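Here the structure comes first, spelled out in structure tokens, and everything after it is commentary.
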Amino acid sequence: MKDNLFWRIVWGLVPQPNAARLLGWSFISHNQAKREVCVQFDASVSLTNPLGKIQGGMLTAMLDDCLGPAVYATLGTHEVALTVKMATAFLRPASPGQITGVARMYRRRGDYCYAKGELRNSKDQTLVTASACYKVVGLNPDG
């Protein structure tokens, strides 16, 4: 459904969340048939650890801002999804710069959605993978 909070953010009708701005989030594409989104992050040096690599918690936040949109893109007008559980696997260090995220919602059972995805560097190498469970809750339509 393309009349929910996610699409309003993508279309610029609602401001981007602060965390998304911090991570340098931008929307690339959505494949409705696959329930898949592609997003990009401009990972700044302010997100690095003492070794100059993107800190693991920041990469996990990026994944949440990738898997979450895969779920959000499918929700109804007055629904949001809250992260309930997330598992992250770090495969290689991430350097500052462009990081692409691809995620797919692969199941919805009642109020729970399940998604998986990955982050890739500019060389198309997989950096981090994750799977997550989201609980769908209703928003009060009056605010």
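The values are calculated or read from the model by the stated rules, or taken from the named source; none is laboratory data. Since the model is a prediction, treat every value here as computed from it, not as a measurement. Note: ideal-geometry Cβ built from the backbone for every residue, glycine included; neighbour counts use all protein chains shown. For the accessible areas, the whole protein counts, side chains as well, though only heavy atoms, and no ligand, DNA or RNA atoms are used. Shrake-Rupley method; radii C 1.70, N 1.55, O 1.52, S 1.80 Å.
Applying the set (1) among the charged types (D, E, K, R); (2) at pLDDT 95 or above; (3) closer than 25 Å to Gly138 by Cα to Glu79 leaves exactly one unmet item: (2).
Residues that are closer than 25 Å to Pro50 by Cα and in contact with a Cys (Cβ under 7 Å, 6 or more places away or on another chain) within the range 70-118 comprise Thr100, Gly101, listed in sequence order. Report whether or not Arg92 is without any contact (Cβ under 8 Å) to a residue 60 or more places away in the chain, basic (Lys, Arg) and assigned to a loop (DSSP other than H, G, I, E, B). Yes; evaluated as a whole, the condition is true for this residue. Just one of the numbered conditions (1) farther than 23 Å from Leu139 by Cα; (2) not in a loop (DSSP other than H, G, I, E, B) is not true of Cys66: (1).
For the range 49-104, the set of residues classified as open to solvent by less than 20 Å² (accessible area, probe 1.4 Å) and β-branched (Val, Ile, Thr) consists of Ile54, Val71, Val80, Ile99, listed by residue number.
Can you name every residue in the range 18-39 that is in contact with an Asp or Glu (Cβ under 9 Å, 6 or more places away or on another chain) and in contact (Cβ under 8 Å) with a residue 12 or more places away in the chain?
First, pick out the residues of the range 18-39 that are in contact with an Asp or Glu (Cβ under 9 Å, 6 or more places away or on another chain): 19-20, 23-26, 29-30, 39.
If the condition is that a residue be in contact with an Asp or Glu (Cβ under 9 Å, 6 or more places away or on another chain) and in contact (Cβ under 8 Å) with a residue 12 or more places away in the chain, then Ala19, Ala20, Leu23, Gly24, Trp25, Ser26, His30, Val39 are the ones that fit.
Residue count for the range 30-50, restricted to those that are under 17 Å from Trp7 (Cβ atoms) and part of a strand (DSSP E or B): 6.
Can you find a residue that is in contact with a strand residue (DSSP E or B) (Cβ under 8 Å, 6 or more places away or on another chain) and part of a loop (DSSP other than H, G, I, E, B) anywhere in the range 95-103? Checked against the condition, which is being in contact with a strand residue (DSSP E or B) (Cβ under 8 Å, 6 or more places away or on another chain) and part of a loop (DSSP other than H, G, I, E, B), the range 95-103 yields at least one hit. When the residues of the range 7-31 are filtered to those that are more than 22 Å from Gln98 (Cβ to Cβ) and surrounded by 11 or more Cβ atoms within 10 Å (Cβ to Cβ), the one that is nearest to the chain's Cα centre (by Cα) is Trp7.
Examine the range 72-80 for a residue that is touching a Lys or Arg at 6+ places or on another chain (Cβ under 8 Å), of a type outside the set (A, V, I, L, M), in contact (Cβ under 8 Å) with a residue 40 or more places away in the chain and under 26 Å from Gly110 (Cα atoms), and state whether such a residue exists. Explain how you work it out, then say what you get.
The first filter runs over the range 72-80 and keeps only residues touching a Lys or Arg at 6+ places or on another chain (Cβ under 8 Å), leaving 73-74.
Subsequent filtering for residues that are of a type outside the set (A, V, I, L, M) retains 74.
Remaining after also requiring in contact (Cβ under 8 Å) with a residue 40 or more places away in the chain: 74.
Still in the running and under 26 Å from Gly110 (Cα atoms): 74.
Yes, the range 72-80 contains a residue that is touching a Lys or Arg at 6+ places or on another chain (Cβ under 8 Å), of a type outside the set (A, V, I, L, M), in contact (Cβ under 8 Å) with a residue 40 or more places away in the chain and under 26 Å from Gly110 (Cα atoms).
Scoring Gly57 on the criteria (1) part of a helix (DSSP H, G or I); (2) modelled with pLDDT under 95 leaves a single failure, condition (2). The residues of the range 104-140 that are within 17 Å of Ala43 (Cβ to Cβ) and either of a type in the set (D, E, K, R) or outside any strand (DSSP E or B) (or both), listed by number, are Glu118, Arg120, Asn121, Ser122, Lys123, Asp124, Gln125.
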